[in-house]
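Chemist: Starting off with a structure, shown below.
Quick note: the coordinates plus some simple rules give every number you see, no bench work behind them. No experiment lies behind these values; they were computed from the predicted model shown. Cβ placement follows ideal geometry from the backbone for every residue including glycine, while neighbour counts extend to all protein chains displayed.
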Amino acid sequence: MRALQKTAPAFGLEWRDIPTPNHAQPGEVIVAVTAAGVCGSDVHIYEWSGGYDFLTQAMPVTIGHEFAGMVAAIGSGVTGLRVGQAVVVIPSVECGVCEHCTAGRRDDCRDRRGIGMQRDGGFAQFAQVPAQNCLTLPDGFDPGIAALCEPLSIALSAIETGGVKHGDTVLVLGPGSIGQGIALLAARRGAEVVVAGYDDAERLACVRALGVSRTLDLKDQPASDAPAMIGRDAFDIVIDAAGVQSALDTGARLLRPSGVMVICGIHAGRVQFDGASFVRMRHQIRGTYRASRRAWADVLAFVVANEVALAPMVTHRLALPDALRAFEMAKAKIGGKILLIPQAPPVDSR
């Protein structure tokens, strides 16, 4: 089968012919991919712009970590799944042997391997994954909406890290899929939310289509206008989903005394803070990365209950061979979530 792979620590990706997995390994399943989302992380990997050097040892590796599909084959020892069942895949594989895993704290695993980063992922017709990483979906559920579970799990982790609650004022910097998810979930908790981006008209339109009406394009309007949108002079919580220095600078200026800044965007290099200002303003900086199994369970329930409401997040569905065009569209901030749709033939499920 054809797979989109990262083959060298440099710009670009490569289409390669690799063996189609026909027989699932013990404890694993083969998933026929039905929808895979293009993530900002995938774009960073494509451009090799920094922050993903840990992939080098796994190359060549098939990328793509936001995906849903159908179980096509089941390995020995697997229970609770059947061939033909719709699933969404948790892309973080715990080692099972470190002291954290053996103590029952899988979310703290020291030796995780990411599907689509350190082992082959979803930008192919089939992916072999641990059965325990598959969450089942209702029959007939839109796989494109299911593929939103991964960015929404990061979004949920960000608002939980920030302690977002009813009545809070929240500024979200970066209107990509994770930023959109943060805005939606924070608003559902009763927070007053403003979302800002730079030269980001299409993705800000997606935010508004999700029901979060206060948006700001920093190309046309100063960031200082954001607090006035909610009748305040600063925000309780700022969440950086952009991963650029300017977002941190803007967020720090608009954060109230004793406010919380959450960083979930991946920064390509080192970032700088005005340490004296943070101390004097008693600001807190919190990082969040990946999502817990509990967060995944909550997100899956949310996605299944809100299939129609989440539809505005998905703006393009392209065939898998159009992947490189999809990457260039994502770089240009065209639309919201771009999905790649493989056309998978049957697999031998014996």
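Chemist: Note down the magnitude of the dipole of segment 155-287 about its Cα centre, charges +1 on Lys and Arg C-beta and -1 on Asp and Glu C-beta and zero elsewhere, to the nearest 20 debye.
Modeler: 380 debye
Chemist: Something else about it: Pairing the Cα long axis of helix 149-162 with the longest principal axis of the chain, what angle in degrees results, from 0 to 90 and rounded to the nearest 10?
Modeler: Approximately 40 degrees, to the nearest ten.
Chemist: Around Phe235, which amide H atoms from residues at least 5 apart in sequence, or from another chain, sit under 5 Å from its own amide H, with H modelled in the peptide plane?
Modeler: Result for Phe235 returns Leu255, Arg256.
Chemist: Given a Förster distance of 45 Å, report the FRET efficiency between Trp15 and Asp139 from their Cβ-Cβ distance, rounded to the nearest 0.05.
Modeler: 0.85
Chemist: When the Kirkwood hydrodynamic radius is evaluated over all pairs of different C-alpha atoms of the chain, what value in angstrom, to one decimal, is obtained?
Modeler: 20.7 Å
Chemist: With unit charges on the beta carbons (Lys and Arg positive, Asp and Glu negative) and the dipole taken about the Cα centre of the chain, which residue among Gln85, Met70, Val193 sits farthest to the positive side?
Modeler: Ranked along the dipole, the leading option is Val193.
Chemist: Using only the alpha-carbon atoms, how far is helix 177-188 inclined from the longest principal axis of the chain? Give it as 0 to 90 degrees, nearest 10.
Modeler: It is inclined by approximately 60 degrees.
Chemist: Right, another one. Lysines near Lys333 by alpha-carbon distance under 25 Å, same-chain residues fewer than 8 away left out - which ones?
Modeler: Straight-line reach from Lys333, under 25 Å: Lys6, Lys219.
Chemist: Next question, about the same structure. To the nearest 20 debye, what charge dipole does the chain have about its Cα centre, counting +1 at the Cβ of each Lys and Arg and -1 at the Cβ of each Asp and Glu?
Modeler: 440 debye
Chemist: Which Cα, out of Gly275, Val314, Ile239, lies furthest along the positive dipole direction of the chain (beta carbon charges, K/R +1, D/E -1)?
Modeler: Gly275
Chemist: Using only helices, what value at 222 nm comes out for the chain when you add -39,500 (n - 2.57) per DSSP H run of length 4 or more and divide by the total residues, to the nearest 500 deg cm²/dmol?
Modeler: Calculated at 222 nm, the ellipticity per residue is -7000 deg cm²/dmol.
Chemist: So for each of 99-112, 64-77 I average, over its residues, the number of other beta carbons within 10 Å; can you give me the resulting order with the highest mean first?
Modeler: Ranked by mean Cβ neighbours within 10 Å, highest first: 64-77, 99-112.
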